[in-house]
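Q: Pasting in a structure now, in structure tokens, and then I'll have a few things to ask.
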Amino acid sequence: MLVDRVLADVRAELRKQVRRPAHWLLLGVAVVLTLTFAYVIPYLGYTGRSGERSRGLESMLPAELVGNTIAGTPVFVGALALIFGVLVVGGEYGWQTWKTVLAQGSPRLRVFAAKVVVTTLGSLVLVLALLATGAAAGLGVALLQGAPITWPSLPALLVGAGGGWLITTMWAMAGVLLAVALRGVALPIGLGLVWLLAVQNLLSAVAAPLVDWIASLQKVLPGPNAGSLVSALGAPSGTPGVSEVVGAGQGAVVVACYLVVFTVVGGFLLWRRDIE
Amino acid sequence: MGVMSEPVETTALTKRYGDLVAVDELDLTVRQGEVYGFLGPNGAGKTTTLRMLLGLIRPSSGSVRLYGVRGTAALAGVGALIEGPAFYPYLSGRDNLRVLARHAGAGTARVAEVLDVVDLTERGRDRYSTYSLGMKQRLGLAAALLKDPGLLILDEPTNGLDPAGMADIRATVRRLADEGRTVLLSSHLLGEVQQICDRVGMISRGSLVAELAVADLGTRGLRVVADPLTEARTLLTSLVGHGRVEVDGDALRVDVPADRAAALNAELVHSGLAVRELRPAEVDLEQRFLELTGGGSRAR
């Protein structure tokens, strides 16, 4: 009975989110950015005048699919995932629909659990779409250049997809937490992006080389751990956010810990606070 | 669910925001089958009370029971429209209701039924963002009906509507009540409460200051015309006490409940006085409202 009600809440949430145009726009932006920075620009560099400074043809071939497509998850794809998470929950505050939903009798935590499930599924769709895009682009490059077509092994593909899914879900849940904590959409997105795109980079590029304890702090922050994880999975060095601060194991564990903490704290705040 | 439990029972229900007491030890009972008007000026604590009934706001102290049950489980037989309709603007009216029906555990067949009840079937496929305010309010009512609830909690359902929209919503609410549902309707409009409700509770500064039948809302005490008037005044004063009988032109105004009319009439006649008129004394509704609620709204 409880399982049926939970599934009903998940189905309600799915209908709500799948039909929201903003989510598809985010997915489209993620695909276009990945295609542009992982394939189009490197390909233009390889075939153009600056070919000698390009990353080389090998970096665009299907064998590099995993690293190429999840390289953006620590920063720009992560930012889009964070916006997705904010929208999933923050919309209920913006449109004041929490009262409409909760007046139907679903307990808050059950509705929140449905949102977590849908956010997690949405992150999976995002990563799979990026992998599919990367596969198509890599195949195109190989065919255009007459290069051998070698796909990553299935385990490598699964581990890479899992790593990317873990990271995007972690950022999406950060968005969920910000939306619940700040009860809205605009401020959570603004603050989340400031952290993800500015503060995180300033800490790693400017502060960490100068101050030892900030360098140590990098080892427990979500961004550098996500960057280390994708680096271990084959993301090209030099991509914004990709780093080697910690090993892949620690990176995965720390990112998973943030995911759990964001989820639990978000659920607790929603359960505890008044819906005004 | 207890068989004898009332649809709504609050006991010493209190909500504080720091030093501000928004709702102050409120004891409220809404009986089965009645339309109860929750009347009060803006900022009196009506919406805060209704939100506590629905579990959207946690009480600082006191308790809420709906059909004798506490907590979220109590909402099984309750439909609500709180502080205006709120839906997803990118979905159609029908899809909004489908989403809510899943949350409510109601069958999707119910969506068509409630759209029909509020006369929105033809516009059900249109996006919510294209609806007029009146249509949005009717969709809110439809959402409240998804569970086919025995108790409807409606918070100022005609707010912002034009006269035709108001009349439409009031007629719908009255029809739903005539089907046997209990309705708790908050409003700051006296006329609205008088048109729709059976009983009214008046709230001011978070406290219930009066509770009476709507039939008594526009009356206070009795108007008596008898000959000779002076002797009638003396007799009535001896019967009801000093300060409760006033001369009002050629009549007397007696400050007693209307149900004492028959007894007083018998005494007057028994004393040989000619009673020409004895009926509930009408008072100005707005004046009555202001007297009972102690004035207008307050800043919150």
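Q: Pick from B:LEU81, B:LEU26, B:LEU264 the residue whose mean-square fluctuation is largest in a GNM of chain B, springs joining Cα atoms under 10 Å.
A: Sorting by GNM fluctuation, first place goes to B:LEU264.
Q: How much of the DSSP beta bridge set in segment B:8-215 is antiparallel, as a percent to the nearest 5?
A: Working: 20 of 38 bridges.
Percent antiparallel among DSSP bridges in segment B:8-215 is about 55.
Q: Same structure again: Mean Kyte-Doolittle of at least 1.0 plus a Cα span of 30 Å or more along the axis: flag which DSSP H helices in chain A meet both, please. Could the numbers behind the result be given before it?
A: Working: long enough: A:108-145 (55 Å, 1.68); A:154-182 (41 Å, 1.78); A:248-272 (36 Å, 1.67).
Qualifying helices: A:108-145, A:154-182, A:248-272.
Q: With +1 on the Cβ of every Lys and Arg and -1 on the Cβ of every Asp and Glu, and nothing else charged, how large is the dipole of segment B:8-215 about its Cα centre, in debye rounded to the nearest 20? Present the calculation step by step, with values, prior to reporting the outcome.
A: Details: 24 positive and 23 negative charges, 122 e Å.
It works out to roughly 580 debye.
Q: Let me ask another. Can you tell me, using C-alpha contacts under 8 Å and at least 6 residues apart, the relative contact order of chain B as a whole percent?
A: 21 percent
Q: Among B:LEU264, B:VAL247, B:LEU229, pick out the residue whose Cα is farthest towards the positive end of the charge dipole of segment B:219-282, where Lys and Arg carry +1 and Asp and Glu carry -1 on C-beta, about the Cα centre.
A: Selected residue: B:LEU264.
Q: What accessible area, in Å² to the nearest ten, does a 1.4 Å probe give for B:ARG223?
A: So the heavy atoms of B:ARG223 present about 60 Å² to solvent.
Q: Still on this model: With a 1.4 Å probe and all protein chains kept in place, how do B:HIS188, B:HIS242 rank by accessible area, largest first?
A: Details: B:HIS188 60, B:HIS242 170 Å².
So, going from the largest accessible area down, we get B:HIS242, B:HIS188.
Q: What is the spread of the Cα atoms of chain A along each of their three principal axes, largest first, in whole Å?
A: 63, 45, 31 Å, listed from the longest principal axis down.
Q: Now a separate question. From the convex hull of the Cα coordinates of segment A:32-180, what is the mean projected area in square nanometres?
A: Working: hull surface 41.1 nm².
Projected over every direction and averaged, the Cα hull of segment A:32-180 covers 10.3 nm².
Q: Let me have the relative contact order for segment B:219-282, percent, based on Cα pairs under 8 Å that are six or more residues apart.
A: Values: 106 pairs, mean separation 33.5, N = 64.
Averaging sequence separation for qualifying contacts and normalising by length gives 52 percent for segment B:219-282.
Q: If you don't mind, another one. How big is the dipole moment of the protein assembly as shown about its Cα centre under a simple scheme where the beta carbon of each Lys and Arg is +1, that of each Asp and Glu is -1, and everything else is neutral? Debye, nearest 20, please. Don't skip to the end; give the middle numbers.
A: On the way: 52 positive and 49 negative charges, 342 e Å.
Charge dipole, the protein assembly as shown, about its Cα centre: 1640 debye, nearest 20.
Q: From other protein chains only, count the Cβ atoms within 10 Å of every residue's Cβ in B:46-56, then give the mean.
A: Working: counts 0, 1, 2, 0, 1, 5, 1, 1, 5, 7, 8.
Neighbouring Cβ atoms belonging to other protein chains average 3 per residue here.
Q: Still on this structure, I have one more. Please compute the average number of Cβ atoms from other chains found within 10 Å of each residue's Cβ in peptide A:39-47.
A: Numbers: counts 0, 0, 0, 0, 0, 0, 0, 0, 0.
The per-residue average across the peptide is 0.
Q: From the Cα trace of segment A:208-276, what convex hull volume per residue do you get, rounded to a whole Å³? If you can, show how the numbers build up before the last one.
A: Values: hull volume 8.7 nm³, N = 69.
It comes to 127 Å³ per residue, whole-number rounded.
Q: Considering every residue in A:85-97, what mean count of other chain Cβ atoms within 10 Å of its Cβ is obtained? Don't skip to the answer; put the middle values down first.
A: Values: counts 0, 0, 0, 0, 0, 0, 3, 2, 0, 2, 6, 6, 8.
Average neighbour count from other chains, rounded to a whole number: 2.
Q: Using a probe radius of 1.4 Å on heavy atoms only, what accessible surface per residue do you get for segment B:219-282? Whole Å² is fine. Present the calculation step by step, with values, prior to reporting the outcome.
A: On the way: 3680 Å² over 64 residues.
In whole numbers, segment B:219-282 has 58 Å² accessible per residue.
Q: Could you tell me the accessible area of A:ASP4 in Å² (1.4 Å probe, neighbours in place), rounded to the nearest ten?
A: 90 Å²
Q: How many Lys pairs in the protein assembly as shown lie less than 16 angstrom apart by Cα atoms, where the lysines are 8 or more positions apart or on different chains? Present the calculation step by step, with values, prior to reporting the outcome.
A: Working: A:LYS16/A:LYS99; A:LYS16/A:LYS115; A:LYS99/A:LYS115; A:LYS99/B:LYS46; A:LYS99/B:LYS136; A:LYS99/B:LYS147; B:LYS15/B:LYS46.
Step by step, the pairs that qualify in the protein assembly as shown add up to 7.
Q: Compute the long axis of helix B:93-104 from its Cα atoms, compare it with the longest principal axis of the Cα atoms of chain B, and write down the angle in degrees, 0 to 90, nearest 10.
A: Tilt of helix B:93-104: around 80 degrees.
Q: Restricting things to alpha carbons, find the Rg to Rh ratio for segment B:8-215 using the Kirkwood radius for Rh. Can you show the working numbers first?
A: Details: Rg = 16.6 Å, Rh = 17.3 Å.
Rg/Rh: 0.96.
Q: Would you please put A:211-220, A:86-95, A:69-78, B:205-214 in order of how densely packed they are, using the mean number of other Cβ atoms within 10 angstrom per residue and starting with the highest? Spell out each step's value before the answer.
A: Values: A:211-220: 13.3, A:86-95: 22.8, A:69-78: 28.5, B:205-214: 17.6.
The most tightly packed comes first, giving A:69-78, A:86-95, B:205-214, A:211-220.
Q: Where does each of A:VAL116, A:VAL261 land when they are ordered by accessible area, with a 1.4 Å probe and the largest first?
A: If we order A:VAL116, A:VAL261 from most to least accessible, we get A:VAL261, A:VAL116.
Q: Could you work out how far helix B:261-270 tilts from the main Cα principal axis of chain B, as a 0 to 90 degree angle to the nearest 10?
A: For B:261-270 against chain B, the angle is about 10 degrees.
Q: Sorted by accessible area (1.4 Å probe), largest first, how do B:ASP248, B:ASP116 line up? Intermediate values should be presented prior to the final figure.
A: Working: B:ASP248 65, B:ASP116 100 Å².
Heavy-atom accessible area, descending, gives B:ASP116, B:ASP248.
Q: For segment A:2-272, what is the charge dipole size about the Cα centre, in debye to the nearest 20, if Lys and Arg each add +1 at the Cβ and Asp and Glu each add -1 at the Cβ? Intermediate values should be presented prior to the final figure.
A: On the way: 16 positive and 9 negative charges, 191 e Å.
Roughly 920 debye for segment A:2-272.
The values are calculated or read from the model by the stated rules, or taken from the named source; none is laboratory data. Quantities reported herein were computed from a predicted structural model and do not represent experimental measurements. Note that we place each Cβ from the backbone using ideal geometry, even for glycine, and neighbour counts take in every protein chain shown. Heads up: the accessible areas ignore ligands, DNA and RNA and are worked out on the full protein's heavy atoms, side chains in. Shrake-Rupley method; radii C 1.70, N 1.55, O 1.52, S 1.80 Å.
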